[in-house]
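Taken together, the values in this text are just the output of simple stated rules run on the coordinates, not laboratory data. No experiment lies behind these values; they were computed from the predicted model shown. Every residue, glycine among them, receives a Cβ derived from its backbone with ideal geometry; neighbour counts consider all protein chains shown.
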Amino acid sequence: MKTALSLVLSILLATGCGLVEDVKGMMEKAQAVSKAIKEKHGWETQVGWNLNNGKLTNVTVMFQSTEVREQKVSLLEAAAADAVARTLTMKPETLVIQVVSQPGN
């Protein structure tokens, strides 16, 4: 019984370490996506993602409305898609573009 429990714990810990590395790597890549957009267009962004069973299900790029209010959606989409394609090795199943605003802006 102890051996089986030890084996299960070892497997869970090994899997968990891989998950931690995946998340850490994605955080660094999300920052790189933001940096690429900032360098090319001058817009501050936040980037989020969802991983499901090792697959990148979606990437969300959030633009501040005060910075992109006059831009066409197609330009925002192209900027996000370009930065994601150049930065991430995994292709997301979906790319979500969000324009967010603070109350009163």
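A few remarks follow.
- Between K72 and L51, the contour length at 0.36 nm per residue exceeds the Cα-Cα span by 4.7 nm.
- For N58, distant residues with modelled amide H under 5 Å away: N50, E93, T94
- Distance between the 7 Å Cα→Cβ label points at D82 and M27: 2.9 nm.
- Förster radius 25 Å - calculated FRET efficiency between E44 and E93 (Cβ-Cβ, nearest 0.05): 0.45
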